[in-house]
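Report on the following structure.
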Amino acid sequence: MKRLLFYLFAAALIFPCGAKAQTRTFDLCVQFADGTEQVWNNQNIRYICFRDTTTLVIVESWAADMCTYHLPDIRKIYFRETTGVAESDAVRSMRLYPNPAGDFICIDNADNASYIICDVSGRLWLRGRYQGSPIDVSSLQSGAYVVRIGNQTLKFTRQ
């Protein structure tokens, strides 16, 4: 009987009934020791795992490769439930320019958002908080990169 009640309760959470059923979504939030935070929408994550005892691995739904983060650099990992209001704010369109990039890139509609820059193999190169001023990418080698900022992913090429 307890097992049947558990399954009914779980089904009610997963498949709510009624004309106004709502879909619950969650964000994965990783807060780094330097105060920056990276957020992934649950629809953008293919899988998450820990490799050995020192590395967090996240593979995004669009990526062929994985992003790796060292656990000593992470202060906190948590999930938060998203609401309709937060999602509508996150949908605003961001634009990265110039592309291809020289020594700096700028991003429209991204003020005060945390960002990370990875190469196509998933190696983390830069991270910080976008304050409206250009991001110095002069330390990056020529090639393709991905900027993950807020809930959006932007691609650019460094010349």
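What follows draws every value from the coordinates through simple rules; no lab data is involved. Keep in mind that this is a model prediction, so the values were computed, not measured. Note: ideal-geometry Cβ built from the backbone for every residue, glycine included; neighbour counts use all protein chains shown.
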task = Determine, from the Cβ-Cβ distance of Arg129 and Ile74 and an R0 of 22 Å, the FRET efficiency 1/(1 + (r/R0)^6), rounded to the nearest 0.05.
result = 0.85
remark   = Extension length gain for Asp111 and Thr153 (0.36 nm per residue less Cα distance), in nm, is 13.6 nm
message = Less than 15 Å Cβ to Cβ from Ser139, Lys/Arg counted +1 and Asp/Glu -1: what total charge do the surrounding residues give?
response = 0
query = Quick one: if the Förster radius is 25 Å, what FRET efficiency do Arg46 and Ser142 give, using the C-beta to C-beta distance and rounding to 0.05?
reply = 0.35
task = For segment 24-158, just the Cα set please: Rg and Dmax, both in angstrom.
result = 14.5, 41
